[in-house]
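Trainee: This is the structure, below, for whatever I ask next.
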Amino acid sequence: MLAKVLSGALLGIDAYPVEVEVDIAQGLPQFATVGLAEGAVKESKDRVKSAIKNSGYDFPVRRITINLAPADTKKDGTAFDLPMAVGILAATGVIKNHRPRDYALLGELSLDGQIKPVRGILPIAVAARRWGAEALILPADNAREGTIAGNLPVYGVTDLGQLVDFLNGEKALEPCVMNRDELFRESARHEVDFSEVHGQEHVKRALEIAASGGHNLLMVGPPGSGKTMLARRLPTILPPLCFDEALTTTKIHSIVGLLPRQDALVARRPFRSPHHTISDAGLIGGGTVPKPGEVSLAHNGVLFLDELPEFKKNVLEMLRQPLEDAVVTISRAASTLTYPSDFMLVAAMNPCPCGYLGDSLHDCSCTPLMTHRYRTRLSGPLLDRIDLHVEVPRISYKELAENSEAESSEAIRRRVEEARRRQQQRFAGSRTLCNAAMSPRQLRRFCQLDEPGRQLMEMVTDRLGFSARTYTRILKVARTISDLAGEEHILQPHLAEAIQYRSLDRKAP
């Protein structure tokens, strides 16, 4: 007796079809799983056997062989429990009307036959129609996530008995229905706002520029000056996610298992803030079966690194490729996976080891050599990829006690969206989406300076010793400032403001 059931597995953020073939033959009782089954897949035989028995069905005392095709690709996870059980019940005649290509099935089985949620549903739901499936059968807790793809009916089931009755036509199930637009609007609301921030107007201005041009930013200031608070509000002024961006971001969170059950879609731009003790695999991604790291979880959002010099040097240096290419490639002996990592880097650091260099209320206890060593923990190539350096001073009591509300995130976001629209028109027909990603050719074309601007750049380059790399960063930031001002060309005031955002270059020994 042979039965085939369609399922799926993940390869990076994409999915591929897996055909679960079940053969039940005469012979000594045995349950064998072939097809490069790893870890949890090998253990599934005990879960499947107990689930079938405890759901009131007879488990065949025969030789059972299950093949997971394609057999040359490693399979891991618990999502094959449900298709294995359905295949066994179909092969023994318990399920009579099941046609293998009608449904794609995924789910983990508990010992009593309950169906538990699994990770990575969305990529499989997106790809299932290409495999010939007419509908998806998923754990009830995953049904909303599967419906997001919007291309197939999705049936949520809670236990094995309910599924058998449905496949035999003895019980009707309604497909999961969800208003995707309403879910998008509800999930996109933010809990924080720039109106709650008093003072620090020049830092808010720098964050607005960074959001408008997609620039990376570094904040330098003493403890308690508000660096983290300001960084957490940056996603509130970024343009809202479009559906395609939200879909890609949700795929990554679904693979890692970070998608909350009540939220079937990541509709807000992610904000990831890993601790400085994170490993290189945790930041970039990796493992025996490579999983996305923090840089991929921050895709289409913000990666915030607090206490930047405290991160391990080798971990920071690994940021170079994702910052440059917006993707992370993880190579292993068996496969090479690529995860998207198009994020804004926002970092914060103290001006010195004790944190109080230049502070008006505390004396700094650091020697110049200590301060120099602290700052040189950040390599030149990494700082070169950070466009804006902003000093964040301690806020005064008068500013803290002020009762009036500051400008809201919505008001700032409108200006950011208008600047982004200018950039979309400018770079139409190219892969460039924002000023920070301009190529050298685009830089020469769109960042031409008038005579006063050239004179200013010549003066500061000679007097402050700016490198060619710094010169390029200044031009990109100046282009964004001119977009915010609604100007077609870069004017001298725009250039002067961009120059002041290179504080670490000015103070470099």
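Trainee: Mind jotting down the distance between the C-alpha centroids of segment 192-233 and segment 380-443, whole Å?
Mentor: Cα centres, segment 380-443 to segment 192-233: 10 Å.
Trainee: Whose amide H sits under 5 Å from the amide H of Leu109, counting only residues 5 or more places off or on another chain, with H placed in the peptide plane?
Mentor: Close amide H contacts, sequence-distant or interchain: Asp81, Leu82, Lys116.
Trainee: Further question on the same structure: Summing +1 for each Lys or Arg and -1 for each Asp or Glu, what net charge is found among the other residues whose Cβ lies under 12 Å from the Cβ of Asn435?
Mentor: With Lys, Arg at +1 and Asp, Glu at -1, the net is +4.
Trainee: Let me know the shape class of segment 247-334, please: from the alpha-carbon gyration tensor, a ≥ b ≥ c as square roots of the eigenvalues, rounded when a/c is under 1.5, otherwise prolate if a/b is greater than b/c, or oblate.
Mentor: It is oblate, given that a/c is not under 1.5 and a/b is not larger than b/c.
Trainee: Round to the nearest 10 and give me the degree value, 0 to 90, for the angle of helix 451-464's Cα axis relative to the longest principal axis of the chain.
Mentor: Roughly 90 degrees, rounded to the nearest 10.
Trainee: Continuing with the same structure: For segment 169-321, just say rounded, prolate or oblate: build the C-alpha gyration tensor, square-root its eigenvalues into a ≥ b ≥ c, call rounded for a/c under 1.5, and beyond that prolate if a/b exceeds b/c, oblate if not.
Mentor: Note, shape of segment 169-321 comes out oblate.
Trainee: Below 18 Å, Cα to Cα, which lysines can Lys227 reach? Residues fewer than 8 away in the same chain don't count.
Mentor: Result set, ordered by chain and number: Lys204.
Trainee: Continuing with the same structure: Could you please put Glu19, Glu458 in sequence from largest to smallest accessible area, using a 1.4 Å probe?
Mentor: Glu458, Glu19
Trainee: Could you give the nm distance between label points at Arg385 and Arg189, where each point is 7 Å from its Cα heading toward the beta carbon?
Mentor: The modelled label-to-label distance comes out at 3.7 nm.
Trainee: In debye to the nearest 20, how big a dipole does the chain give about its Cα centre with +1 on each Lys and Arg Cβ and -1 on each Asp and Glu Cβ?
Mentor: Rounded to the nearest 20 debye, it is 1080 debye.
Trainee: How far apart, in nm, are the 7 Å Cα→Cβ label points at Glu196 and Gln424?
Mentor: Computed distance between label sites Glu196 and Gln424 equals 2.9 nm.
Trainee: Also, quick follow-up: List the relative contact order of the chain as a percent without decimals, with contacts defined as Cα pairs under 8 Å and 6+ residues apart.
Mentor: After rounding, I find 13 percent.
Trainee: In a shell of Cβ-Cβ distance under 10 Å around Ala40, excluding Ala40 itself, what net charge do Lys and Arg (+1) and Asp and Glu (-1) give?
Mentor: In short, -2.
Trainee: For the chain, list log₁₀ I(q)/I(0) at each q in 0.10 Å⁻¹, using the Debye formula over Cα point scatterers of equal strength and ignoring solvent, two decimals each.
Mentor: For the chain at q = 0.10 Å⁻¹, log10 I(q)/I(0) is -0.84.
Trainee: Pick out, in residue order, every one of the GluC sites (Glu not before Pro) in segment 360-422 that is DSSP loop and has at most 16 other C-beta atoms within 10 Å; say none if there are none.
Mentor: Hits after loop and neighbour filter: Glu402, Glu405, Glu407.
Trainee: While we're here: List the cysteines in the chain whose Cβ has no other cysteine Cβ under 4.7 Å from it.
Mentor: Unpaired cysteines in the chain: Cys176, Cys242, Cys354, Cys364, Cys434, Cys447.
Trainee: For a Förster distance of 60 Å, can you work out the FRET efficiency between the beta-carbons of Ser335 and Gln455, rounded to the nearest 0.05?
Mentor: With R0 = 60 Å, the Cβ-Cβ based efficiency is 0.65.
Trainee: Another one. Mind checking segment 20-121 for GluC sites (Glu not before Pro) that DSSP puts in a loop (not H, G, I, E or B) and that have at most 15 other Cβ atoms within 10 Å?
Mentor: When the GluC sites (Glu not before Pro) of segment 20-121 are filtered for loop state and at most 15 Cβ neighbours within 10 Å, Glu38 remain.
Trainee: I would also like to ask the following. I want to check the label-to-label distance for Glu402 and Asp14. Put each point 7 Å from Cα in the C-beta direction and report it in nm to one decimal.
Mentor: For Glu402 paired with Asp14, the spin-label model returns 5.2 nm.
Trainee: HN-Hα J couplings of segment 20-36 from phi, Karplus 6.51/-1.76/1.60, θ = phi - 60°, integer Hz, Gly and Pro as x?
Mentor: 8, 9, 10, 10, 10, 10, 5, x, 4, x, 7, 10, 10, 10, 10, x, 6
Trainee: Another one. What is the sum of charges around Ser296, taking Lys and Arg as +1, Asp and Glu as -1, for the other residues whose C-beta is under 11 Å from the C-beta of Ser296?
Mentor: Within the 11 Å Cβ shell, the charges total +1.
Trainee: Given charges of +1 on the Cβ of Lys and Arg and -1 on the Cβ of Asp and Glu, with all other atoms neutral, how large is the dipole of segment 1-107 about its Cα centre, in debye to the nearest 20?
Mentor: 360 debye
Trainee: Give, in nm to one decimal, the length gained when the segment between Ala496 and Ser439 is fully stretched (0.36 nm per residue of separation minus the Cα-Cα distance).
Mentor: Contour length minus the Cα-Cα distance gives 18.3 nm.
Trainee: Residue by residue through segment 394-399, what is 3J(HN,Hα) from phi via Karplus (6.51 cos²θ - 1.76 cosθ + 1.60, θ = phi - 60°)? Round to whole Hz and write x for glycine and proline.
Mentor: 5, 7, 7, 5, 4, 5
Trainee: So which lysines can Lys251 reach, going by Cα to Cα under 23 Å and dropping same-chain residues fewer than 8 places off?
Mentor: Lys74, Lys75, Lys116, Lys291
Trainee: Restrict the search to segment 290-354; then list the trypsin sites (Lys or Arg not before Pro) that DSSP places in a loop and that have at most 16 other Cβ atoms within 10 Å of their Cβ.
Mentor: Loop-located and lightly packed - Lys312, Arg332.
Trainee: Counting only helical runs of four or more DSSP H residues, what would the 222 nm mean residue ellipticity of the chain come to if each run contributes -39,500 (n - 2.57) and the total is spread over all its residues?
Mentor: Taken over the chain, the calculation gives -10500 deg cm²/dmol.
The values are calculated or read from the model by the stated rules, or taken from the named source; none is laboratory data. Here the structure is a predicted model, which is why all the values come from computation and not from measurement. Note that each Cβ is placed from the backbone with ideal geometry, even for glycine, and that neighbours are counted across all protein chains shown. Side chains included, ligands, DNA and RNA excluded: accessible areas come from the protein's heavy atoms. Shrake-Rupley method; radii C 1.70, N 1.55, O 1.52, S 1.80 Å.
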